[in-house]
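Visitor: After the structure tokens below, expect a handful of questions from me.
Only the coordinates and a few stated rules stand behind these numbers; no lab work does. Fair warning: this is a prediction, and the values are worked out from it, not measured in the lab. Here the Cβ positions follow ideal geometry from the backbone for every residue, glycine too, while neighbour counts run over all protein chains shown.
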There are 2 protein chains.
Amino acid sequence: VDGADGSERPLELLPYAVSDDAVVVAIGEHCLDLTAASAAVGSAHAPLFATASLDRLLAAGRPAWDAVRAEISDWLSDPSWQARLEPHLRPLHRQRLRLPFTVADYVDFYASEAHATNLGRLLRPGSPPLMPNWRHLPVGYHGRSGTVVVSGTDIRRPFGQRRATDADDAPRPEFAASDRLDIEAEIGFVVGVGTQPGERVSVDAFTEHVFGLVVVNDWSARDIQAWEAAPLGPFLGKSFATSISPWVVPLAALARARQAAPSAAAALLPYLVEQEPWGLDLTLEVRVNGAVLSRPPFAQMYWSPAQLLAHLTVNGARLRPGDLYASGTVSGWRDDEVGSLFELYRGQRFLADGDCVEISASAAGPAATRLDLGSVAGTVLPALSPAAEPPG
Amino acid sequence: VDGADGSERPLELLPYAVSDDAVVVAIGEHCLDLTAASAAVGSAHAPLFATASLDRLLAAGRPAWDAVRAEISDWLSDPSWQARLEPHLRPLHRQRLRLPFTVADYVDFYASEAHATNLGRLLRPGSPPLMPNWRHLPVGYHGRSGTVVVSGTDIRRPFGQRRATDADDAPRPEFAASDRLDIEAEIGFVVGVGTQPGERVSVDAFTEHVFGLVVVNDWSARDIQAWEAAPLGPFLGKSFATSISPWVVPLAALARARQAAPSAAAALLPYLVEQEPWGLDLTLEVRVNGAVLSRPPFAQMYWSPAQLLAHLTVNGARLRPGDLYASGTVSGWRDDEVGSLFELYRGQRFLADGDCVEISASAAGPAATRLDLGSVAGTVLPALSPAAEPPG
């Protein structure tokens, strides 16, 4: 395809998405309609693209994932295919993209040492910022899969209870629209192949189960979360919305980005020790209303995605196709590397109505280029009126 | 149906379940195959039962739920239907029942004051047992919907990290099979009708969205949970399995059980104030290997299921058909009323391999009878070998 070489979406990337009526794959400034193209050429993989969803491809498993990628790569690089495929190429920027797969369970981790440290300092000043467990296991929790939405979905500012104090300084709740609405810039990993109950996924079996990654914005209402979260963790402060990029980047596109995660230098329980490192040198970029606020370095994430999955399943919890687990906020140690406004502004400033947040990710590509791993955008809508409490 | 009057499953109850090939409804010691019967008599509701799942019925909504119940009630009480329905009656005890619906999101609350107080005393001795938020909002968190299983499913003892201490008394993890495996006796509420993003469900709209209830055992590995849960709450200590009863009891069967929940006496934010009380006077019974350990009183739950749902959605998080939210452990103040072994034995005794746990629930029925609301059973399987750590 003209212009793909040297672009941010070369043959090495080949991310998948879902438009209104087809599965598509991106190449340069175009995308190929896989639903139409695979049917037209009589590909054996056509059934995987027969519905406008990645669900079938996800469940097909590693050998099929590799075979599909090889076939598409052949189509796009061998000129003899050009005439047959050209009718199925579309301009990339014209696509309206949907949630690419059915989200089964959604888990969110807390795998950045800088982020956990920054939040510990802000929320528990005077105490050690990291909990005693933090360096021994990836801390995580379940989120709400039913409110995972695709990039471009507007995000309504939520209402909820937050802590106030009465005249005696005793805590009491007040009900209001959140005024500490924040982002969390993350990378999410998409499970294709499930497991049986009781089965564990070893760090080495990561690529048999995980298809690829998406960019995530885990919207967070810090005031709601701070009041509700003791002792069982985040709930309504997170559950109103989580946005993901429409493009799912296959693991095979990330070969150049692989490196050891920082936890490789620590003494870990054996189930968390990687032989083949799956730390990833990705760079995120956070923009609010077009201005770059930070460039969080995924390479500093303490736990790799293979370690996260090994931990998620070490108790025998089964996986299903479409399970999504996110890294937790990606933050580096510098102010221009943090993945949340809470860290950047130390709790002094949050999102305003109308703010448009865009988080993108990239990785090293061939010959000093960058691979565009996609982006997730959303605009904050004002809280629904009545701004006061709903009738009891 | 002979014997239904005066039984634990009279015409007033009519709970639904799913066998290998049909939706069924229980009456006395029998069940009626609704898939076959509704097709045979040409019922307008036959499409709701055309697949072996409650998913279609759940999504059909309150008017359909009421019409279906009225129709079944007519079939079972008017003798003119007897000859046509008799071929579709089966002995109740012979049914093999499956997970009755597709679980969308699973949320677990913490709505018993006695339970929260008991756990606070055990886990944070010397501190106030209830957190400052507890009387102001229903504390809850998301669980893993992919590991919700039907009664009768064996439960594999999970492995995981737990806290140990080294020679200097510093915390360190060890990896082992849980030896503090526990139960939590709960009631779960099944959402039928979903909402749009941003929509709140008021306490008064509870019956428009919730179809009915199931009995829940939220299996819990206390040692895994204690080490992992700071600061984001329960994760692997809960995610290996949650068991539910196969029978879903419609809200319409619970009219006699309704009463004000204890929170009705408190000053609450208006969105939590009930006009029509949905507290429920149900009695649970916990048996381990046949011996009754306790009879937890659901009437003492501080928050009603309508309040739980109003809170779950107050931030605009959308509901989907099949969402399941559970009450949290049902405990009363007496030892013979607690819903977990942790409370009963103060952390000194937990489940052994081979233990069979059965939790049942009942409510007042006509003329001093009790309605059988179903039960949830499971047997503990030993942890998978190797008992030691998996290879790293």
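Visitor: Highest first, please rank the peptides A:300-308, B:286-294, A:110-118 by the mean number of other Cβ atoms sitting within 10 Å of their residues.
Guide: Numbers: A:300-308: 26.7, B:286-294: 16.1, A:110-118: 24.0.
Going by the mean number of other Cβ atoms within 10 Å, highest first, we get A:300-308, A:110-118, B:286-294.
Visitor: When the Karplus curve 6.51 cos²θ - 1.76 cosθ + 1.60 is applied with θ = phi - 60°, which whole-Hz ³J(HN,Hα) does each residue of region A:97-105 get, with x for Gly and Pro?
Guide: The phi angles translate into 9, 10, 4, x, 8, 7, 6, 7, 9 Hz.
Visitor: Also, I was wondering about something else. Taking the dipole about the Cα centre of region A:205-301, with the C-beta of Lys and Arg at +1 and of Asp and Glu at -1, give me whichever of A:Val286, A:Phe211, A:Thr242 is farthest to the positive side.
Guide: A:Val286
Visitor: Convert each backbone phi in region B:32-37 into a coupling constant with the Karplus relation 6.51 cos²θ - 1.76 cosθ + 1.60 (shift: θ = phi - 60°), then list the ³J(HN,Hα) values in order as whole Hz, x for Gly and Pro.
Guide: Residue by residue, region B:32-37 yields 9, 6, 6, 4, 6, 5 Hz.
Visitor: Given the options A:Glu29, A:Glu343, A:Glu174, state which has the largest fluctuation in a GNM of chain A using a 10 Å cut-off (strictly under) for Cα springs.
Guide: Looking only at A:Glu29, A:Glu343, A:Glu174, the biggest GNM fluctuation is shown by A:Glu174.
Visitor: Quote the Stokes-Einstein diffusion coefficient, in whole µm² s⁻¹, for chain A, based on the Kirkwood radius over alpha carbon pairs, a temperature of 10 °C and a viscosity of 1.306 mPa s.
Guide: Values: Rh = 21.8 Å.
The diffusion coefficient I find is 73 µm²/s.
Visitor: What average number of partner chain Cβ atoms lie no more than 10 Å from the Cβ of the residues making up A:131-139? Intermediate results must be reported in sequence, preceding the final value.
Guide: On the way: counts 7, 7, 10, 2, 1, 9, 9, 2, 7.
That average works out to 6.
Visitor: Show me, for region B:249-258, the HN-Hα J-couplings you get by feeding each phi into the Karplus relation (A = 6.51, B = -1.76, C = 1.60, θ = phi - 60°), rounded to Hz, glycine and proline as x.
Guide: 8, x, 3, 4, 7, 9, 4, 5, 8, 6
Visitor: Build a GNM of chain B with springs between Cα atoms under 10 Å: which of B:Asp166, B:Asp353, B:Asp335 gets the top mean-square fluctuation?
Guide: Among B:Asp166, B:Asp353, B:Asp335, the largest GNM mean-square fluctuation belongs to B:Asp166.
Visitor: Also, I was wondering about something else. State the antiparallel share, in %, of DSSP beta bridges confined to chain B, rounding to the nearest 5. Show your work: numbers first, answer last.
Guide: Values: 61 of 69 bridges.
So the antiparallel bridges in chain B amount to around 90 percent.
Visitor: Return the single residue from B:Ala230, B:Ala352, B:Ala70 with maximal mean-square fluctuation; model: Gaussian network over chain B, springs between Cα atoms under 10 Å.
Guide: Among B:Ala230, B:Ala352, B:Ala70, the largest GNM mean-square fluctuation belongs to B:Ala230.
Visitor: Quantify how strongly other chains surround peptide B:370-378 by giving the mean number of their Cβ atoms within 10 Å of each of its Cβ atoms. Numbers along the way, then the final one.
Guide: Working: counts 0, 0, 0, 0, 0, 0, 0, 0, 0.
For peptide B:370-378, the averaged partner shielding equals 0.
Visitor: Then there's this: Enumerate the amide H contacts of B:His30 below 5 Å, restricted to partners 5 or more residues apart or on another chain; note that Pro and chain-start residues carry no placed amide H.
Guide: B:Leu92
Visitor: Next up: Toward the positive end of the charge dipole of region B:120-192, about the Cα centre and with charges on Cβ (Lys, Arg +1; Asp, Glu -1), which of B:His142, B:Gln161, B:Phe189 goes farthest?
Guide: B:Phe189
Visitor: Can you tell me the dipole magnitude for the protein assembly as shown around its Cα centre, using point charges on the Cβ only (Lys, Arg +1; Asp, Glu -1), in Debye to the nearest 20?
Guide: Taking the Cα centre of the protein assembly as shown as origin, the dipole is about 480 debye.
Visitor: Determine the shielding of peptide A:222-233 by partner chains: average, over its residues, the number of Cβ atoms on other chains within 10 angstrom of each Cβ.
Guide: Mean shielding by partner chains, rounded to a whole number: 6.
Visitor: Which residues' amide hydrogens lie under 5 Å from the amide hydrogen of B:Leu371, considering only partners 5 or more residues apart or on another chain, with H built in the peptide plane?
Guide: B:Ala363, B:Ala364, B:Gly365
Visitor: Tell me the trypsin sites (Lys or Arg not before Pro) within region A:1-106 that lie in a loop according to DSSP and have at most 14 other beta-carbon atoms within 10 Å.
Guide: Details: sites: A:Arg56, A:Arg69, A:Arg84, A:Arg94, A:Arg96, A:Arg98; in loops: A:Arg96, A:Arg98.
Those that pass, being in a loop and sparsely packed, are A:Arg96.
Visitor: Whole angstrom only: what separates the Cα centroid of region B:46-110 from the Cα centroid of region A:91-119?
Guide: Value for the Cα centre distance between the two parts: 38 Å.
Visitor: Follow-up. Suppose a student asked you for the relative contact order of region B:110-207, using Cα pairs under 8 Å spaced at least 6 residues apart; what percent would you report? It would help to have the intermediate numbers written out before the result.
Guide: Numbers: 53 pairs, mean separation 13.7, N = 98.
About 14 percent, as a whole number.
Visitor: Moving to a separate point now. How about region A:217-266: which trypsin sites (Lys or Arg not before Pro) there lie in a loop by DSSP and see at most 11 other Cβ atoms within 10 Å? List each step's numbers first, then the result.
Guide: Numbers: sites: A:Arg222, A:Lys238, A:Arg256, A:Arg258; in loops: none.
Loop-located and lightly packed - none at all.
Visitor: Further question: What does the helix-only formula give at 222 nm for the protein assembly as shown: each DSSP H stretch with n ≥ 4 adding -39500 (n - 2.57), the total divided by the residues, and the result rounded to the nearest 500 deg cm²/dmol?
Guide: Working: 20 runs with 142 residues, N = 784.
Calculated at 222 nm, the ellipticity per residue is -4500 deg cm²/dmol.
Visitor: I need the calculated FRET efficiency for the pair A:Asp5 and B:Val292, taking r as the beta carbon distance and R₀ as 56 Å, to the nearest 0.05.
Guide: That pair, A:Asp5 with B:Val292, gives E of 0.15.
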